[in-house]
Structure formats: structure tokens, C-alpha cells
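Worksheet for the structure shown next.
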Amino acid sequence: MIERIKSILRIIKRKIIITPVKNVFTSPVGIPHDIYIETSTVCNMRCVYCIRTKKEFPSKNKFMSLEDFKLIINKVSLFLEPLRKKTTVRFFINGLGEPTLNPDFLNMILFLREKIPTSKILFVSNFNACDAEAYLKYIKAGADTIYISIDSLKQEVIEKSRCGANIAKMLNTLEEVCKTHSDKIVVISVLTEDCAREIKDIYAYIKHLGIRNWNIQLCLEHDVGFQIPVDGLAALRASLDIQPGMTVNFEGFPMPVCVQPFNTMIINVEGKVVPCCSNTTGVIENWGCIFTDSPNNIYFGEKATRFRELYNTGTPALCVTCPLKNCMK
């Protein structure tokens with residue numbers, strides 16, 4: 001009788017807890033709210049956990065041309081028209097490289113702001129490729145949010161994970177931008193063991209600059225997993241005395257769940273539409289090329305539909321080594 005009760009409880013637990021997590025994306029896929037456009041796969045750093053550092057692929061070390069960017073925006077603008085009347089669409093104009101290295105990057109921001117005035121324009125930068133004046137121009141041109149990764153305040157630590165980084169240049173540039181536009185900056189701290197040891201110092205530093213948005217992200221390596229044990233995150237979060245006015249997104253509460261194949265269109269530097277922003281190579285999976293087909297046909301097409309179905313029922317080849325997918329099992 002006891003074993004029978006235990007068996008029933010296991011079934012109930014599976015139905016209540018496990019099933020909704022695995023099948024949370026069964027509702028119809030709508031027009032994406034987030035658009036990623038990879039403007040550069042050229043980079044001035046070699047981050048140890050980045051796929052660009054680890055692998056060779058055909059789209060590596062390329063800039064998207066301004067002409068291609070305009071073509072994409074023109075096509076995507078028509079695709080998004082029904083959605084833009086109801087909500088704001090976010091455009092992330094970065095990928096596996098440093099976007100500010102692209103000589104046309106400023107003109108891309110200007111064109112996007114003119115073409116889709118209601119859009120949110122965001123990008124991630126390492127603050128090592130250009131000076132503060134350039135970032136101020138990007139903001140003036142229409143950039144709403146600039147993300148910068150600060151995993152350490154020490155040169156000897158940062159260079160272990162972000163080879164080629166100059167912490168003094170990065171912080172000096174950031175401080176100049178924050179004198180007038182701290183509200184445009186979001187800090188990302190990728191949670192390694194080194195970062196965890198400095199987390200209080202990083203918090204004090206960004207608070208001093210007037211930055212009010214901080215994303216603490218689990219360090220995700222597709223071939224390895226998370227760099228630090230997730231069971232120690234609660235104590236780390238509790239150690240931070242977060243003051244009112246600071247918004248902290250601490251991954252792990254709850255564990256992040258990847259929804260990009262269902263609400264995001266990601267276009268790599270060659271125009272291929274892919275399901276993952278951290279692996280934009282298009283080698284394992286791509287749904288079609290936006291230069292030769294319409295966004296509608298690609299995003300709702302056979303390849304994309306098949307990928308989503310497999311994502312809900314199993315694990316696509318692209319996601320086999322991804323800890324975000326595996327933590328959903």
C-alpha cells in the first residue's frame with residue numbers, strides 16, 4: 001500500500017511540476033517581439049567561453065554591410081507591422097563580435113531609428129574598441145540601451161576570461177559615458193568563480209556611477225555547462241545589500257528558460273535566420289536566408305516549425321550541450 005501511494009505521488013508530481021515546464025511553449029507562435037541582427041562577427045577580444053573563440057565557422061570575421069542591414073530592416077519592418085501597433089519591438093544589433101568595430105554601425109542606428117521610430121535599439125559592447133565620444137554619438141543617434149560586461153575590476157582577473165581586454169580603458173570610457181547617460185547603461189556580470197568573489201565590489205562600483213540596472217548571468221558554456229554550482233546562488237544573492245532604485249536581474253531565481261525559438265528572430269551576419277543568439281553560426285541549424293525569402297516564410301516555415309516541435313518533445317542537435325535546455329528536463 002505504501003509503495004502504491006508513493007507511486008501515485010510521483011505521478012501527481014510529474015503532472016503538476018514537470019509537464020508544464022517541458023510543454024510550456026505549446027501555444028501558437030506569434031510575431032517575434034525581439035529581433036537580433038548580427039552586425040559584426042569581428043572582435044577585438046577572445047572570451048574563453050564564447051563560441052567565436054572556440055570554433056571556426058563560415059560567418060566568422062565578417063561585417064554586415066549597411067546595404068544588407070537596410071534590406072533586413074525594410075523586410076522586417078513590414079513583417080512586424082501588425083505587432084508594432086500593439087507593443088514596442090526590441091532590436092538587438094549585436095552578435096558574436098564587437099558591433100562598434102563595424103564602420104557602418106552609427107549609420108545603422110540612424111537608419112533603424114528613422115525607419116522604425118518606436119523601436120527599442122539595444123546592443124552589447126566591450127567598451128574597448130572605441131572611445132566615449134563614439135558611444136555618445138550612438139546614444140544621440142537613437143540607441144536606447146548599451147550593455148557592458150563587467151566580470152571583474154582587476155586586469156589580472158579579467159584577462160583570464162576576456163583575453164585582450166584593457167580594464168582601465170573600459171572603465172574610463174564607461175565613466176565618461178555615465179557622466180551624462182548612466183540611465184542608458186546596463187551592466188552584465190557573467191558569474192564565474194572570480195566574479196563571485198568580486199560581486200560586492202562590482203555592485204559598489206556601478207552604484208557609484210549611477211547605473212541602476214544590473215544583470216547577473218550564469219556563465220553558460222555550451223560544451224561544459226554552468227561554471228559555478230547553481231545550488232550556491234542563493235547565498236551569493238543574499239550577500240548583496242541591494243538598495244532601493246537598483247534593479248538586479250539575478251539568473252537562477254528561477255532558473256532561466258530559453259524561449260528564443262518561440263519569440264525571437266535572430267539574423268546572423270550572412271542573413272541566415274537561426275534559433276539561438278549565443279550560437280549564430282547557422283552551421284547546425286538555420287531556417288533560411290532573409291535575403292532570398294520573406295521573414296514570414298522563414299519564421300513560420302517548415303524548418304522553424306519542425307525545430308520548435310522537436311524542442312518541445314526532445315532536444316534538437318543545436319541544444320544538446322546547452323545547460324539552459326538541459327535544466328528544463
- Can you tell me which residue within region 249-293, out of those that are loosely packed, with under 15 Cβ neighbours inside 10 Å and either modelled with pLDDT of 95 or more or in contact with a Pro (Cβ under 6 Å, 6 or more places away or on another chain) (or both), is farthest from Asn213 (Cα to Cα)? Thr292
- Sole residue being buried (at least 22 other Cβ atoms within 10 Å of the Cβ) and of a type in the set (A, V, I, L, M, F, W, C), chosen from Ala165, Ala196: Ala165
- Query: Among the residues of region 15-34, is any touching a strand residue (DSSP E or B) at 6+ places or on another chain (Cβ under 6 Å), open to solvent by 30 Å² or more (accessible area, probe 1.4 Å), modelled with pLDDT of 90 or more and closer than 30 Å to Leu191 by Cα?
  - Reply: no
- Item | Complete set of residues in region 68-104 that are in a loop (DSSP other than H, G, I, E, B), of a type in the set (D, E, K, R) and surrounded by fewer than 20 Cβ atoms within 10 Å (Cβ to Cβ) | Lys85, Lys86, Asp104
- Item | Residue check, Asp144 of a type outside the set (S, T, N, Q), surrounded by fewer than 19 Cβ atoms within 10 Å (Cβ to Cβ) and either under 19 Å from Leu96 (Cα atoms) or within 17 Å of the chain's Cα centre (by Cα) (or both) | yes
- Message: Give all pairs with beta carbons closer than 7 Å in which a residue from region 27-53 that is farther than 30 Å from Phe300 by Cβ meets a residue that is of a type in the set (Phe, Trp, Tyr); count only pairs at least 6 apart in sequence or on separate chains.
- Response: Val42/Phe63
- Message: Of all residues being hydrophobic (A, V, I, L, M, F, W, C) and not in a strand (DSSP E or B) in region 37-56, which is farthest from Ser189 (Cα to Cα)? Just the residue, please.
- Response: Val42
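Residue-wise test of (1) over 21 Å from Cys47 (Cβ atoms); (2) touching a residue at least 12 places away in the same chain (Cβ under 8 Å).
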{"residue": "Leu112", "(1), (2)": "yes, yes"}
{"residue": "Lys120", "(1), (2)": "yes, yes"}
{"residue": "Val124", "(1), (2)": "no, yes"}
{"residue": "Cys130", "(1), (2)": "no, yes"}
{"residue": "Glu133", "(1), (2)": "yes, no"}
{"residue": "Ala143", "(1), (2)": "yes, yes"}
{"residue": "Cys163", "(1), (2)": "no, yes"}
{"residue": "Met170", "(1), (2)": "no, yes"}
- Item | Condition check for Ser59: assigned to a loop (DSSP other than H, G, I, E, B), open to solvent by less than 30 Å² (accessible area, probe 1.4 Å) and hydroxyl-bearing (Ser, Thr, Tyr) | yes
- Task: Say whether the condition of being assigned to a helix (DSSP H, G or I), touching a helix residue (DSSP H, G or I) at 6+ places or on another chain (Cβ under 9 Å) and charged (D, E, K, R) is met by at least one residue in region 126-141.
- Result: yes
- Somewhere in region 302-316, is a residue within 15 Å of Phe57 (Cβ to Cβ), open to solvent by less than 50 Å² (accessible area, probe 1.4 Å) and either touching a residue at least 24 places away in the same chain (Cβ under 8 Å) or of a type in the set (A, V, I, L, M) (or both)? no
- Item | Number of positions in region 269-314 that are of a type in the set (D, E, K, R) and in a loop (DSSP other than H, G, I, E, B) | 3
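The values are calculated or read from the model by the stated rules, or taken from the named source; none is laboratory data. For clarity, every value in this text was computed on a predicted model and none was experimentally measured. All Cβ positions, even for glycine, are placed from backbone atoms using ideal geometry, and neighbour counts span all protein chains on display. Just so you know, the surface numbers come from the protein's heavy atoms only, side chains and all, with ligands and any DNA or RNA stripped out. Shrake-Rupley method; radii C 1.70, N 1.55, O 1.52, S 1.80 Å.
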